[in-house]
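Q: Here's a structure for you.
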């Protein structure tokens, strides 16, 4: 019997018993589909977290003072007072720095803010105008802190949307109103657009004031809590980190880099940490997917064993009519391949569709993990083929009369 | 054409030996119509399966058309069944939900016959058994008698040396059984060798020669 004829015959046989074929295919579809959907969801949520971090600025470097060292006791990072406005100016003017585009010195404190009868405790950030550029801040109304505000030590403030809600109520227009930070009165000149985020990183619950005002009028200090830098591109992040690091070591008269009184963190460092976290998450989902692959595989195995064993008599008849062992095994193998192939394609579509629907419901990016597709189809396909082939081989090895009499 | 010498068959089931056939010797010549008779458990089915190369004897020699069947491997046996033996089973054994035409063509498919001559030959034998008007019906849409006629047509397409019929009328209403037997008699008149198993004396009466089996031995030939 020619191979092509066996293939045609196999299609015919599969079409004969639609229920049996449908159930066998369903096992494969569910097995493959669930694996693809689960892994795609994992990849999607990983992307979602990466996107959020990227939106903070991919070329961003942050310099923070190191912790204070008293003997063997080291205080928390960021609590030192070694970072100054002169450092920031040196970075932006030094000829040794070639890879930094913008420099934004910052002083961050928490204060009690009062407007009329309402008050809130939030982060007050003294900034330069460059801040909006480096941190990708945009305004929903008014203007950001200007050079003029810096030089005139103006008492103006730009509010995050959360602060507006807390102080003036939802959707109110605070432009021109005055608020009090501590005991001093500030005029609201702008409101930023919402950026989302939560906890320590809530960029909506913040008040921006001119850095000079924060240092001289509000808190009476001359140091900075951080300097944000924007590198020329994501490719020169490491160069920028090194250039700025050596400049600051020199300025702080330190010869040993391990004793540095500052830390430079890049967004990619944070990204790496976050990726590790979401990587664990994806591994977890992968584990669940592996279990469903196993369960799906056992389902495929069972239905294949049953459908082929049920046809032992048919195998006996075919042998009695002159079918050779090889012909019979080929026929059943081809049937299994057809089943797992089409079941695999349907399962893939089912998985992709499921993950598309779920990711739009969960508002995470829709991402398809190509290796997961190959893995799912490969494993289920192999199981389907092996467990279609094995009972067929067993039946074909029986004496024809034993197969014919099989109950 | 068929020659059995000292054929024995022993089954082992859970350590218990059952002897189905003991030292069977006989010959069947070309053109004969032989009925093998005996009560159930007499070994007639086992004998039939050995004659059809569906089962192998425990000992003894079986020559079919000059060939020693015992020396052949599985694939060679499949070829013998395909080319030299036509089977008619008690339970018809047609492929379910498959057209009559396809059922009848199946042995030719395994023999690798060209599609054109397959159709031609199948139609010829379907006509012979009088089912031309149902050629595209599915096997399970037919009555028992009609199914058995399809099975007879299927047994003939490879022009076998011998037709083996195992209780061919066992599952058929008696009025249709007569027409089945008529087909066998006509085939025999055309010179075909037929070996039939039955336990009904009136069916066996159609044969020219009757072999009686009891407890695995020939008691009357």
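Q: If you scan the stretch A:391-407, which residues turn out to be in contact with a helix residue (DSSP H, G or I) (Cβ under 8 Å, 6 or more places away or on another chain) and either within 14 Å of chain B (Cβ to nearest Cβ) or modelled with pLDDT of 85 or more (or both)?
A: Result: A:393, A:395, A:396, A:397, A:398, A:400, A:401, A:402, A:403, A:404, A:405, A:406.
To keep it simple, each residue is scored yes or no on (1) in contact with a strand residue (DSSP E or B) (Cβ under 7 Å, 6 or more places away or on another chain); (2) closer than 30 Å to residue A:153 by Cα; (3) surrounded by 13 or more Cβ atoms within 10 Å (Cβ to Cβ).
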{"position": "A:202", "(1), (2), (3)": "no, yes, yes"}
{"position": "A:228", "(1), (2), (3)": "yes, yes, yes"}
{"position": "A:251", "(1), (2), (3)": "no, yes, yes"}
{"position": "A:259", "(1), (2), (3)": "no, no, no"}
{"position": "A:262", "(1), (2), (3)": "yes, yes, yes"}
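Q: I've got another one for you. Within the stretch B:93-114, how many residues turn out to be outside any helix (DSSP H, G or I) and either facing chain A (nearest Cβ under 9 Å) or modelled with pLDDT under 90 (or both)?
A: Here the count works out to 7.
Rundown of residues vs (1) in a helix (DSSP H, G or I); (2) at positive phi; (3) surrounded by fewer than 22 Cβ atoms within 10 Å (Cβ to Cβ); (4) within 14 Å of chain B (Cβ to nearest Cβ), yes/no style:
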site	(1), (2), (3), (4)
A:10	yes, no, yes, yes
A:22	yes, no, yes, no
A:27	yes, no, no, no
A:38	yes, no, no, no
A:43	yes, no, no, no
A:48	yes, no, yes, no
A:51	yes, no, yes, no
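Q: Sticking with this structure for a sec: Mind telling me which of the residues A:190, A:197 ends up being outside any helix (DSSP H, G or I) and modelled with pLDDT of 90 or more?
A: Of the residues listed, the single one that is outside any helix (DSSP H, G or I) and modelled with pLDDT of 90 or more is A:190.
Q: Any residue that is assigned to a helix (DSSP H, G or I) and in contact (Cβ under 8 Å) with a residue 12 or more places away in the chain - is there at least one of those in the stretch A:227-235?
A: Checking the stretch A:227-235: at least one residue is assigned to a helix (DSSP H, G or I) and in contact (Cβ under 8 Å) with a residue 12 or more places away in the chain.
Q: Go through the stretch B:120-132 and report how many residues are assigned to a helix (DSSP H, G or I) and crowded, with 16+ Cβ neighbours inside 10 Å.
A: Here the count works out to 6.
Q: In the stretch A:268-293, what count of residues is obtained for those that are in contact with a helix residue (DSSP H, G or I) (Cβ under 9 Å, 6 or more places away or on another chain) and closer than 23 Å to residue A:355 by Cα?
A: Qualifying residue count, the stretch A:268-293: 16.
Q: I've got another one for you. Would you mind telling me which numbered condition in (1) surrounded by fewer than 21 Cβ atoms within 10 Å (Cβ to Cβ); (2) within 14 Å of chain B (Cβ to nearest Cβ) residue A:331 fails?
A: Checking residue A:331 against (1) surrounded by fewer than 21 Cβ atoms within 10 Å (Cβ to Cβ); (2) within 14 Å of chain B (Cβ to nearest Cβ), the one that fails is (1).
Q: Going residue by residue through the stretch B:63-84, is there one that turns out to be within 14 Å of chain A (Cβ to nearest Cβ), in contact (Cβ under 8 Å) with a residue 40 or more places away in the chain and in contact with a strand residue (DSSP E or B) (Cβ under 7 Å, 6 or more places away or on another chain)?
A: Checking the stretch B:63-84: at least one residue is within 14 Å of chain A (Cβ to nearest Cβ), in contact (Cβ under 8 Å) with a residue 40 or more places away in the chain and in contact with a strand residue (DSSP E or B) (Cβ under 7 Å, 6 or more places away or on another chain).
Q: Here are some residues: A:244, A:221. Which one is part of a loop (DSSP other than H, G, I, E, B), touching a residue at least 24 places away in the same chain (Cβ under 8 Å) and touching a strand residue (DSSP E or B) at 6+ places or on another chain (Cβ under 9 Å)?
A: Only one candidate passes the filter, namely A:221.
Q: Specify which of the listed residues (B:143, B:139) is closer than 29 Å to residue A:330 by Cβ and either within 11 Å of chain A (Cβ to nearest Cβ) or touching a helix residue (DSSP H, G or I) at 6+ places or on another chain (Cβ under 8 Å) (or both).
A: Of B:143, B:139, the one residue that is closer than 29 Å to residue A:330 by Cβ and either within 11 Å of chain A (Cβ to nearest Cβ) or touching a helix residue (DSSP H, G or I) at 6+ places or on another chain (Cβ under 8 Å) (or both) is B:139.
Q: What's the total number of residues in the stretch B:153-168 that are within 20 Å of residue B:199 (Cα to Cα) and either modelled with pLDDT under 90 or surrounded by fewer than 24 Cβ atoms within 10 Å (Cβ to Cβ) (or both)?
A: 3
Q: Another question about this same structure. If you go through the stretch A:324-338 one residue at a time, do you hit one that is part of a loop (DSSP other than H, G, I, E, B) and closer than 30 Å to residue A:50 by Cα?
A: Within the stretch A:324-338, none of the residues are part of a loop (DSSP other than H, G, I, E, B) and closer than 30 Å to residue A:50 by Cα.
Q: So for the stretch A:250-263 (the condition being within 23 Å of residue A:33 (Cβ to Cβ), part of a helix (DSSP H, G or I) and free of Cβ contacts under 8 Å to residues at least 24 places away in the same chain), does at least one residue qualify?
A: Checked against the condition, which is being within 23 Å of residue A:33 (Cβ to Cβ), part of a helix (DSSP H, G or I) and free of Cβ contacts under 8 Å to residues at least 24 places away in the same chain, the stretch A:250-263 yields no hits at all.
Q: From the residues in the stretch B:47-62 that are over 16 Å from residue B:163 (Cα atoms) and within 14 Å of chain A (Cβ to nearest Cβ), which one is farthest from the chain's Cα centre (by Cα)?
A: B:58
Q: Assess whether residue A:182 counts as being surrounded by fewer than 20 Cβ atoms within 10 Å (Cβ to Cβ), touching a residue at least 60 places away in the same chain (Cβ under 8 Å) and closer than 19 Å to residue A:107 by Cβ.
A: Considered against the rule, which asks whether it is surrounded by fewer than 20 Cβ atoms within 10 Å (Cβ to Cβ), touching a residue at least 60 places away in the same chain (Cβ under 8 Å) and closer than 19 Å to residue A:107 by Cβ, residue A:182 comes out as yes.
Q: If residue B:34 satisfies every condition in (1) more than 14 Å from chain A (Cβ to nearest Cβ); (2) at pLDDT below 90; (3) closer than 26 Å to residue B:151 by Cα; (4) in contact with a strand residue (DSSP E or B) (Cβ under 8 Å, 6 or more places away or on another chain) but one, which is the exception?
A: (2)
Quick grid of which residues meet (1) at positive phi; (2) within 14 Å of chain B (Cβ to nearest Cβ); (3) crowded, with 16+ Cβ neighbours inside 10 Å:
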{"site": "A:284", "(1), (2), (3)": "no, no, no"}
{"site": "A:287", "(1), (2), (3)": "no, no, no"}
{"site": "A:299", "(1), (2), (3)": "no, no, yes"}
{"site": "A:309", "(1), (2), (3)": "no, no, no"}
{"site": "A:316", "(1), (2), (3)": "no, yes, yes"}
{"site": "A:323", "(1), (2), (3)": "no, yes, yes"}
{"site": "A:336", "(1), (2), (3)": "no, no, yes"}
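Q: Let me ask something else. Considering only residues that are more than 13 Å from residue A:82 (Cβ to Cβ) and either surrounded by fewer than 18 Cβ atoms within 10 Å (Cβ to Cβ) or over 33 Å from the mean Cα position of the chain (by Cα) (or both), which ones fall in the stretch A:230-249?
A: A:232, A:233, A:234, A:235, A:236, A:238, A:239, A:242, A:245, A:246, A:247
The values are calculated or read from the model by the stated rules, or taken from the named source; none is laboratory data. Remember, predicted model here, so these are calculated numbers, not experimental data. Note: ideal-geometry Cβ built from the backbone for every residue, glycine included; neighbour counts use all protein chains shown.
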